[in-house]
Each structure stands twice: as C-alpha cells, then as structure tokens.
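Beneath this line is the structure, given in structure tokens, with notes to follow.
The values are calculated or read from the model by the stated rules, or taken from the named source; none is laboratory data. Every value quoted in this text rests on a predicted model; they were computed, and no experiment measured them. For neighbour counting, all protein chains shown are included, and Cβ atoms are generated from backbone atoms with ideal geometry for every residue, glycine included. Protein only, heavy atoms only, side chains kept; ligands, DNA and RNA dropped before computing areas. Shrake-Rupley method; radii C 1.70, N 1.55, O 1.52, S 1.80 Å.
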Amino acid sequence: MKILITGANGLLGQCLVRQAIAKNYKVAGIGKGPDRLLSANLEGYAYTELDITDGAALQNFILADQPDTIVHAAAMTQVDACELNKPECYNVNVTATRFLIGAAEEIRAKLIFLSTDFIFDGQKGPYGEEDEPSPVNYYGSAKLAAEKAVMESKLEWVIIRTALVYGISQTPGRRNIISLITQNLEASKPIRMVDDQWRTPTFVQDLAKGVLLVIEKNARGVFHLSGDQLTTPYDMAVAAAKFFGLDDSLIERVSSDELHQPAVRPPRTGFIIDKAKKTLGFEPVSLERGLQELYLDQRD
Ligand SMILES: NC(=O)c1ccc[n+]([C@@H]2O[C@H](COP(=O)([O-])OP(=O)(O)OC[C@H]3O[C@@H](n4cnc5c(N)ncnc54)[C@H](OP(=O)(O)O)[C@@H]3O)[C@@H](O)[C@H]2O)c1
C-alpha cells in the first residue's frame with residue numbers, strides 16, 4: 001500500500017510519516033518547505049517540496065506517484081492569519097483541496113481529509129459527527145467548504161475532524177500549545193492562556209494512530225478523533241508546566257476577550273468520540289498520560 005501525505009512537515013505529518021514507515025507502508029510526503037524529517041533518514045520515505053496551490057504541479061505529481069491513499073493534512077492552520085488573509089486561506093485550504101480531489105479522482109485514490117472542531121460554533125460542545133456545522137471564523141468556514149468538496153467528490157473519502165493537537169515535533173515545526181508553553185516558561189517568560197474556551201486536546205501520536213486505523217479498517221465517512229477529556233487551554237497549560245517542572249505562576253489566566261485576537265474562537269467545542277472508539281478501536285491516552293509521554297520523550 002502506497003500512502004501520500006500532504007503536510008508531511010507539520011505536527012501531524014511528521015508523526016504520521018514515522019508511524020506509517022514503521023508499519024512498512026511505502027510513504028511519499030509533500031510539504032511547502034524543505035524536508036524537515038531529512039535528518040531522520042527514513043527508509044521507504046520520499047519527500048517532495050511542492051506547493052499544493054499549484055494545481056498542475058500537484059496533478060503531475062499525483063499521476064506519477066500513483067498513491068493508493070492520500071492523507072490530506074496540509075493546510076493554512078494559523079487561525080488569525082486566515083482571518084487576516086482570507087484569499088490565501090481560501091486558496092490553500094479550499095482551492096488546493098479541490099485540485100487534490102481532481103487528481104485523486106483520476107487515479108481512483110482514497111482520500112482522507114483532516115478537518116477541525118472549528119467548523120462548529122462552540123455553543124453546545126462536545127460535538128458528535130452528526131451535529132450541524134456553523135463556523136464562527138474564516139478558517140472554520142474554509143475547512144467546512146473543503147469538507148463539502150470532499151463529500152461531493154466521486155472518491156472513496158474519509159473526513160477526520162480533530163481538535164487542539166499537542167505534541168512536540170522531532171524537528172522544529174509550527175508552534176502548538178505545548179511548545180508555546182515550554183518555550184516561554186523555560187525562558188522565564190510569562191504567557192497568557194484562556195480559561196473560557198473548552199476543547200478535547202488530542203495527543204498527536206493518537207491522531208496518527210487513528211489515521212492509520214482508518215486506513216487499516218478501510219473506514220468511510222466522518223470521524224471525530226481527539227482525546228475525550230474536556231478542558232481549557234489554561235488548565236492544560238498548568239498541567240503541562242507541572243509535568244515539565246516549569247514555573248506555573250508565569251501562566252496568566254485570561255478571558256478570550258482580553259486577547260483581542262483577529263479571529264473569534266468557538267467557546268465550547270470538543271468531540272464525542274464514541275464512533276471512532278466503536279468502529280476503529282480508537283483509544284486515546286488521557287491528557288495526563290500524553291503529557292507524561294512527552295516529558296519522557298524530551299528527557300531521552
Ligand atoms: N493542530 C491542531 O490543533 C489542529 C486542530 C484541528 C484540525 N487540524 C488540522 O489537522 C491538519 C494537520 O495540522 P497540523 O497541526 O499538522 O498543521 P501544521 O503543523 O501547521 O502543518 C501543516 C503543513 O501544511 C503544509 N502546507 C501549508 N501550506 C502548504 C502549501 N501551499 N503547499 C504544501 N504544503 C503546505 C506546511 O508545510 P511547510 O511546513 O513545509 O510549510 C505544514 O507543514 C490540518 O489540516 C489542520 O487543519 C489541526
């Protein structure tokens with residue numbers, strides 16, 4: 001089985017590449033920048049620098065590579081940047097997804113699309129797969145538009161929605177909640193974390209395992225893959241500081257309004273993951289266990 005992973009340099013991508021290689025899949029990766037897993041010297045892995053908004057280049061690559069399954073994890077993921085640069089967000093998150101669908105249809109590849117809890121308005125989380133989406137910011141609207149394109153395609157498709165993914169990339173990647181906390185507190189810099197947003201944080205290793213379960217079980221449809229504990233970024237930051245032996249008094253509790261972020265955040269999302277547990281055998285670790293694993297990883 002040949003898997004193509006877009007966004008292979010990202011937080012999920014790096015982890016998924018490693019897990020897929022360990023399962024002896026043949027893996028190709030696409031990213032916008034240079035290969036960030038290069039130093040890992042992974043046998044069976046081929047990386048190509050390719051901008052997915054270049055439809056012709058993407059199509060040529062896919063027709064030549066002939067993957068059986070495409071995991072589409074590449075995205076413009078910075079929520080505020082999406083709000084401030086809507087055309088770019090649309091181009092990367094929607095138009096490029098349409099290019100990918102077109103190419104995948106030509107070779108009849110299966111498509112697994114990574115989506116987000118931000119398609120919901122956050123008024124009544126945690127959400128199940130059948131709940132009605134109603135995004136409150138541009139990033140969420142764009143990801144929902146991409147979901148619709150996937151659902152309307154002629155492909156065999158799976159949409160995996162995930163939430164507040166945490167982990168530490170082996171090689172530097174974009175910041176996520178854990179790297180934000182550890183980098184600031186290690187430098188004795190104060191950080192502000194909101195206590196009025198609720199999420200079910202997702203350990204990146206679990207998410208990667210979930211993607212591979214979707215492939216192994218030949219699943220179809222929409223799946224919510226996250227942890228199953230509802231918590232706030234503030235509480236998560238304090239828990240992480242404790243595990244990493246850092247000074248949690250540097251974490252200031254703030255409300256969403258105080259941050260004046262360009263994009264509105266949905267207050268209470270989080271996922272009900274019963275379908276993934278039952279259909280895929282998806283069993284995420286507790287937040288405490290995820291933090292422990294990260295802590296041990298960092299010491300090794
Ligand atoms: N992280 C979360 O909390 C979270 C929550 C919900 C949903 N998701 C979804 O899960 C997926 C994976 O997220 P992640 O955290 O792994 O994201 P990430 O770390 O930001 O990685 C995204 C990757 O997309 C690549 N990319 C961006 N624009 C591209 C372009 N024009 N052409 C080719 N590649 C491009 C980037 O490549 P370079 O690094 O080479 O520039 C980057 O490595 C995304 O679809 C995201 O929407 C994430």
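By residue number, which cysteines of the chain lack any other Cys whose Cβ falls under 4.7 Å from their Cβ?
Cys15
Of the heavy-atom accessible surface of region 106-258 (probe 1.4 angstrom), what whole percent is carbon and sulfur?
Using a 1.4 Å probe with all protein chains present, region 106-258 comes out at 46 percent carbon and sulfur.
In nm, to one decimal, how far is the modelled label at Leu38 from the one at Asp51, with both set 7 Å along Cα→Cβ?
2.0 nm
Among the GluC sites (Glu not before Pro) within region 141-221, which fall in a DSSP loop and have no more than 16 other Cβ atoms within 10 Å of their own Cβ?
Glu152, Glu156
In terms of modelled amide H atoms, which long-range or inter-chain residues lie less than 5 Å from the amide H of Val165?
When sequence neighbours closer than 5 places are left aside, the close amide H contacts are Thr202.
Evaluate the charge dipole of the chain about its Cα centre and quote only its size in Debye, nearest 20, assuming +1 on the Cβ of each Lys and Arg and -1 on the Cβ of each Asp and Glu.
Value, rounded to 20: 520 debye.
Only residues of region 191-206 count here: report those whose backbone N is under 19 Å from the spot 7 Å along Cα→Cβ of Ser255, or say none.
Output list for this probe position: 192-199.
Using the reciprocal of the averaged 1/r over all distinct C-alpha pairs, how large is the Kirkwood radius of the chain in Å?
Value: 19.5 Å, from the Cα pair sum.
Of the lysine pairs in region 192-282, how many meet both conditions: Cα atoms under 19 Å apart, and a spacing of 8 or more in sequence or different chains?
Total qualifying Lys-Lys pairs in region 192-282 comes to 7.
Using amide H atoms built 1.01 Å from N in the peptide plane, name the residues 5+ places from Ile5, or on other chains, whose amide H lies under 5 Å from its own.
Those lying under 5 Å, H to H, from Ile5 are Ala28, Gly29, Ile30, Val71.
Arg192's amide H: which non-local residues (gap 5+, or another chain) put their own amide H closer than 5 Å, with H modeled 1.01 Å from N in plane and none for Pro or chain starts?
Glu252
Would you work out what percent of the accessible area of region 9-74, with all protein chains in place, is carbon or sulfur (probe 1.4 Å)?
49 percent
Residue by residue through region 179-185, what is 3J(HN,Hα) from phi via Karplus (6.51 cos²θ - 1.76 cosθ + 1.60, θ = phi - 60°)? Round to whole Hz and write x for glycine and proline.
Taking θ as phi minus 60°, the curve returns 5, 4, 5, 5, 4, 5, 5 Hz for region 179-185.
So what J values fall out for region 93-109 if you push phi through Karplus, 6.51 cos²θ - 1.76 cosθ + 1.60 with θ = phi - 60°, rounded to Hz, Gly and Pro as x?
8, 10, 4, 5, 5, 5, 4, 5, 4, x, 5, 5, 5, 4, 9, 6, 7
So, in Å, what gap is there between the alpha-carbon centers of region 192-258 and region 1-75?
25 Å
Tell me the relative contact order for the chain as a rounded percent, counting alpha carbon contacts under 8 Å between residues six or more apart.
Normalised by residue count, the contact order of the chain is 19 percent.
If we count trypsin sites (Lys or Arg not before Pro) as exposed when they sit in a DSSP loop and have at most 16 other beta carbons within 10 Å, what is the longest stretch of the chain that avoids them all?
That would be 221-300.
Heavy-atom accessible area per residue, the chain, 1.4 Å probe: how many Å²?
In whole numbers, the chain has 45 Å² accessible per residue.
Considering only DSSP beta bridges where both residues belong to the chain, give the percentage that are antiparallel (nearest 5).
Percent antiparallel among DSSP bridges in the chain is about 5.
Note the angle between two axes, namely the Cα long axis of helix 204-216 and the longest principal axis of the Cα atoms of the chain, as a number of degrees from 0 to 90, rounded to the nearest 10.
30 degrees
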